[in-house]
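Trainee: My questions will all concern the structure given below.
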C-alpha cells in the first residue's frame, strides 16, 4: 500500500511489485550452515516462494558468499529462477543509532547486492536496547542516518530500500511512530510480531493498527515463559507456545496486507532449537501461515 507522503524520486520509491497475497517465507538464520542449494531445496519441499537471507554456509558476508557461487551472481539469479524463488530481504547488522563510519560501506555493499539480485529490502536495526529510551539526540541521529541513506540511494539509483526491524528500542509501536513523526515522511518496517508482543506488551491487532501503512515484511516466532541462555523466554515450535500467531495472521488478512510472513527460527543464535524443517512443518500444521 502507498502513502500520500511519498514523493516520486528514487529515494522514496515504492517497493517493487509483490504478489497480491501473503507469501510464506523463512529466514536462513534458521539454517545458518546450509548452502544456497540446501536452502533452495528446503524452500521447494515446503512450496515457499520467497526467502530472507541472513547467513549461508556459516557466513554472513553474503556478497562474497554469493559471488563465489558457480556462475557468480548471474548463476545465483538463474538458480533462483529455476526454483521459482525470490529473495525478499537481505539481513544486515546496520544500526541507525550507534553505527561506526566503517559500517556504511557494508550497508552499501548489501545495497549493490540487493539490486543485482532484485531484492526489494534490506533489514536494518534502529539500535539501543529494550527497556531504555533513545534520547532526543539519538532519535535525531536516526533521522540523519535515514536521510543520508536516502541521499546515497538516490545518487546511486538503487531500487532496494531499508526496513527497520521492530527490535531493540523499537520493539513497540510508540518509538516507531515517533521516528516517523521526526522524519516527516514515511519509513518502513519489518514487524517482528514476537518482539512487539513479548517485549512491547502489545496485542497484534494494536501494533497492526498503529503501524499498518508502514509494514512491508513480517517476522513470526513462538516462545514460552521459561528462561533460556540468552533470553528470559525460550523459543518453541510455532503454534506450541504462548505467542498469538493466528492473531497476527488475522490482522494481516483483515488489513489487506500484501507481502511475506517470514519464520525467523533463530537457530544461528540459539543452538538448542531443532532443525528448521521441523519448525516449518509446525508452522504449517498449526495454521500460522
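Trainee: Could you list all residues from region 271-289 that are in a loop (DSSP other than H, G, I, E, B) and modelled with pLDDT of 95 or more?
Mentor: Residues satisfying the conditions are 273, 274, 275.
Trainee: Go through region 147-168 and count every residue that is buried (at least 19 other Cβ atoms within 10 Å of the Cβ) and within 16 Å of residue 98 (Cα to Cα). Before you say what the answer is, go through the steps one by one.
Mentor: In the first step, residues of region 147-168 are kept if they are buried (at least 19 other Cβ atoms within 10 Å of the Cβ); the result is 149-150, 153, 158, 160-168.
Among the residues that remain, those that are also within 16 Å of residue 98 (Cα to Cα) are: 149, 164-165, 167-168.
Count: 5.
Trainee: Still on this structure, please answer the following. Could you please find all residues in region 127-152 being at pLDDT 95 or above and in contact with a strand residue (DSSP E or B) (Cβ under 7 Å, 6 or more places away or on another chain)?
Mentor: If the condition is that a residue be at pLDDT 95 or above and in contact with a strand residue (DSSP E or B) (Cβ under 7 Å, 6 or more places away or on another chain), then 149 is the only one that fits.
Trainee: Moving on. Among the residues of region 120-142, are any over 21 Å from residue 174 (Cα atoms), part of a loop (DSSP other than H, G, I, E, B), more than 15 Å from the chain's Cα centre (by Cα) and in contact (Cβ under 8 Å) with a residue 40 or more places away in the chain? Walk me through it before giving the result.
Mentor: Filtering region 120-142 for residues over 21 Å from residue 174 (Cα atoms) gives 120-122.
From the residues that got through so far, the ones that are part of a loop (DSSP other than H, G, I, E, B) too are 120.
In the following step, the residues that additionally are more than 15 Å from the chain's Cα centre (by Cα) were identified as none.
Within region 120-142, not a single residue is over 21 Å from residue 174 (Cα atoms), part of a loop (DSSP other than H, G, I, E, B), more than 15 Å from the chain's Cα centre (by Cα) and in contact (Cβ under 8 Å) with a residue 40 or more places away in the chain.
Trainee: Still on this structure, please answer the following. Looking only at region 38-53, how many residues end up being out of contact with any strand residue (DSSP E or B) (no Cβ under 9 Å at 6 or more places or on another chain) and closer than 10 Å to residue 83 by Cα?
Mentor: Within region 38-53, residues that are out of contact with any strand residue (DSSP E or B) (no Cβ under 9 Å at 6 or more places or on another chain) and closer than 10 Å to residue 83 by Cα number 2.
The values are calculated or read from the model by the stated rules, or taken from the named source; none is laboratory data. Remember, predicted model here, so these are calculated numbers, not experimental data. Heads up, the Cβs are rebuilt from the backbone with ideal geometry, glycines too, and the neighbour counts pull from every protein chain shown.
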